[in-house]
Amino acid sequence: MNHPCVVTLDRKSPPRTLFSGDRLVKVDLPAGTRVIYPKSPLAGLKDPDAAIRYAINHPYGCAPLYAQLRPGMKVVIAVDDISVCLPPMKRPDVRQRVLEIVLEMLGDHGVDDFEIIIATSFHRRMRDWEIRNMLGDKIFNAYYPKRLYNHDAEDAAGMKYVGETDRGEKVVLNRKAVESDLLIYINLNLVPMDGGHKSVTVGLCGYESLKPHHNPHVMRKCQSYMDPPKSELNTVVQRMGEITDKALNVFTIETTINNRMFDKPLGFLAKKEEDYTGAERAALDVMIYTLDRTPDALRQQVFQRVPSPYELTGVWAGKTEAVHPHTLKKCFEQYVVPVTGQADIVVAGVPYISPYNINAFLNPLLVQVMVQGYLHNLYRGVPVVKKGGVVIVTHPCTDRFDPDQHAPYIEFVHRVLPETRDAMVMHKKYEEEFSKNPAYIELYRKGHAYHPVHPFYMWYWGEAGRQHTGRVIVVGADNEYIPKLLGYETARTMADAIEMAKDTVGMSPDITCMHIPPIGMVEVTVPKSAEILPSAPSAPGGDA
């Protein structure tokens, strides 16, 4: 029997509605196609503030927060940045709720020496209005920019060596955080790869601490970024996080939200097409017609500027390793759909948004990280697509970049990719050069650009998917140059793409469509009669 989130199409099934960037498209899929939808949103907590207070007063593995506070102590509060959630949530953001309660508790216990750091790592600096939107007017007006600011991983004087693992992996973190008497980390856990030791050890680190895990050696060993025990990235971060927790007094507050991405006017986009009402079908047709005729800049804002009505589903506090299992359990409860059997062909729409283009256009390199990074890795067990199978996606692949956020991406795509798509080659030949580019570093430190090595990380992020997948075919591309540069092929229609895929997987393929967004992931089990193949070949280990 199929899971409620799984539909098998017959000849009378309506077309599926997929995202193609910031447009919507209808696609007809063959009878027998399996369509996997995200789970319905979990119910939000009825009293979020009460749940937050309870969590910090009943922590795991340590004394309650109030018992650790004393007048005259130095406290640093670190907060997850704008890369989660997607799109940004309706006010008040969960981080604002938690931070207001923490600040109130600090005040009640005479703690007035504190700073609030947004844990950006190598992400771009958040703009002032984005910080205001995330943390609320009261906090912003009281503390920005002197006591509320973005982490700067390139400020040598602002970083401090903490220690290193027995494998030589160096932990270098924000000096204020290291020298504090108490570091409180406020996390918003969007997907299972978030949180845990990744919060402090990655969010507040510098280049020396990113090198050991943000490299193609490690990425090729990851079976799924969303299944921590099978992620080499998580394994390395775990080792480094243990060093962090020995040196720093960290009080972690982790939160989970449901997947209620679309508000009521667009809520039908999360439904099965069979369940659309007549009014919703008409609304979809109007949306498709309108978006196709809307100028690019305005169309981008239609979705990105509409906040999502996410709700808090869980909150836990205490020591990192004691807290995180509770967070993961709730994440998997929201996202995981069990399915049996892999597919020869996987079809998916690529939406307009990723963690790395909030309030900007999804450029070609981010299309790649969505296809072979995030979409590929939304699984536990084995990937949805068989080893050597075909992935078909819908996206225009427009050769367009936001020059403020993604300046180093432009050079990476148009200089590095034409020479090589081999992550090992670009890692050895180009990454160090980009890392020292003074213009790009200045844009990262003073502007709102991602760090100059960030585009390399985006390419490495797709390594497991590239090693596993046989072909990627793009439907709806507005050019052939970018898909070819990414190693993809193009097809005019979905029917054409499926026919092309048959050259690789045979004339009677098993086809699965992943109906995302909202976020969902699968737990794939393979019948004993089928051969289980690994997600990615083992690659020699090594530091960056």
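Every read-out reported here was derived from the displayed coordinates using simple, explicitly stated rules and does not represent laboratory data. Being a predicted model, the structure only gives us computed values, none of them experimental. So basically every Cβ, Gly included, is an ideal-geometry build from the backbone, and we count neighbours across all protein chains shown.
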Amide H contacts under 5 Å for residue 164, placed H, 5+ residues apart:
171
Set the bar at 24 Å for Cα to Cα. Now go through 170/436; 198/246; 26/264; 230/386; 221/429; 211/330 and name every pair that lies beyond it.
211/330
By how many nm would the segment from residue 154 to residue 289 lengthen if fully extended, with 0.36 nm per residue of separation less the alpha-carbon distance?
44.0 nm
From the backbone phi of region 268-274, what are the Karplus-calculated ³J(HN,Hα) couplings (6.51 cos²θ - 1.76 cosθ + 1.60, θ = phi - 60°) in whole Hz, Gly and Pro given as x?
5, 5, 8, 8, 5, 4, 5
Taking only the alpha-carbon atoms of region 1-97, the convex hull volume per residue, in cubic angstrom, is 196 Å³
In nm, what is the difference between 0.36 nm times the number of residues separating residue 279 and residue 333 and their Cα-Cα distance?
16.3 nm
Would you calculate the separation in nanometres between label points at residue 58 and residue 424, each defined as 7 Å from the Cα along the Cα-to-beta-carbon direction?
5.2 nm
Regarding region 48-257, what are the three Cα extents along the principal axes, ordered largest first, in Å?
47, 36, 34
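Report the semi-axes of the equivalent ellipsoid for region 223-346 in whole Å, largest first, where each axis is √(5λ) for an eigenvalue λ of the Cα gyration tensor. Kindly include the intermediate steps, with their values, before the conclusion.
Values: eigenvalues 292, 76, 51 Å².
For region 223-346, the semi-axes come out at 38, 19, 16 Å.
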Out of every Cα pair in the chain, what percent are spaced more than 43 Å from each other?
15 percent
If packing is taken as the average number of other Cβ atoms within 10 Å across a peptide's residues, how do 136-148, 22-34 rank, most packed first?
22-34, 136-148
Among 285-292, 403-410, how do they line up by average Cβ neighbours within 10 Å per residue, starting with the highest?
403-410, 285-292
Over 22 Å apart: what share of the alpha carbon pairs of region 82-173 falls there, rounded to a whole percent?
39 percent
